[in-house]
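Report on the structure given below.
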């Protein structure tokens, strides 16, 4: 399942709108958000520009706080509930990545029970005991950068499927230009690759990928406004989202999952909507009930509902993250993540029947009744960036990638009085 793509759209715009210096923003969270964008964090500031920008940002923040206080009394009274939260107990193991990280940022659990981590030009396989195997993604001789993995999932055929884009040099008349091209790759768990081209050239940039209810692979194309289907034999069909009354700005489908209703469900952060489509290409959209929030990640819970992480993008101080339950008919129930650094992203449905996601610097679990438990991650090796779960006969595991320490972490929850049937 793709994890990292759900927040890239939001943070790209926030970084442009609010380039606050470290004194006004947690450096740790800023770097974690940069990682979520799939890029290296920016370090250092140009001094004259920084001094000018600091004054401007301070003035803007002062105005924003006043406006935000007024705005919060009117528009920010959504139908949501503060989640009941406890701090859970767990055993955490951390494994150093033996090779250069190369912007590793997305994870999935393979059909063989191992963790697969994607980045720039490589896929890592990690066993539960912490043994690493590196597989180099094949690339043409004229490749400048990549292939850069954007989304990853385990297919119905037992193979690892991932989306990627590649930058390569191309002769155009008397000059050489850098061209981008989207691809979908199939990889066996032993590291044999097959690649499939995605049309639309530089604009395809396939993102999140999932297994659909029809047994095919489905992925989003944010920059073309399309959702695409690929069979396990590599046959591609693209579906363009129709224009709608809400089509300003244009739809950019991002995170995607298969719903219990036989439809594909995905997030549209720029439109502040959650959408679904049938496997024949009929679309429906549902607007978030809370002003100032954008949907990011999405997963289907064992209760048959959709579960969506939300990030704050409104006026005034950051109000933190939320998790929303969405019924197949489009009814929302929202829960606030009380952790003050709890911007929520990267949600996945665990084999324990719960939803797991990243909440700021913590790994969080939410039951389908809305009960929240957060697990503190050791800060010595960085912050959790991506998340996946697996289960053996005797144990349940939560995997995460840590940045900037380049470690893979695995969390084993302890017995929990709030969920006594979850773990042995």
- Message: Bins of 5 Å, beginning at zero and ending with the bin holding the largest distance: percent of Cα pairs per bin for the stretch 182-326, please.
- Response: 2, 10, 19, 21, 19, 14, 9, 4, 2, 0
- Item | Order by protection proxy (mean Cβ within 10 Å, highest first), peptides 175-181, 109-115, 294-300 | 294-300, 109-115, 175-181
- Take the Cα pairs of the stretch 164-244, get the Kirkwood Rh, then feed it into Stokes-Einstein at 37 °C and 0.692 mPa s and tell me D in µm²/s. 235 µm²/s
- Query: For the stretch 120-174, what is the Kirkwood hydrodynamic radius in Å, using each pair of distinct C-alpha atoms?
  - Reply: 13.2 Å
- Task: First check a/c for the stretch 274-424, with a ≥ b ≥ c the square roots of the eigenvalues of its C-alpha gyration tensor; if it is under 1.5, answer rounded, and if not, answer prolate when a/b is larger than b/c or oblate otherwise.
- Result: oblate
- Pop out the Kirkwood hydrodynamic radius of the stretch 339-407 from its pairwise C-alpha distances, inverse of mean 1/r, in Å to one decimal. 12.4 Å
- Query: Over all pairs of distinct alpha carbons, what does the Kirkwood formula give as the hydrodynamic radius of the stretch 328-373, in Å?
  - Reply: 11.3 Å
- Note on the structure: Taking only the alpha-carbon positions of the stretch 118-270 as identical scatterers, the Debye log10 I(q)/I(0) at q = 0.08, 0.11 Å⁻¹ comes out as -0.25, -0.46
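Quick note: the coordinates plus some simple rules give every number you see, no bench work behind them. Computed from a predicted structure; not experimentally measured. Cβ: placed from backbone, ideal geometry, glycine included. Neighbour counts: every protein chain shown.
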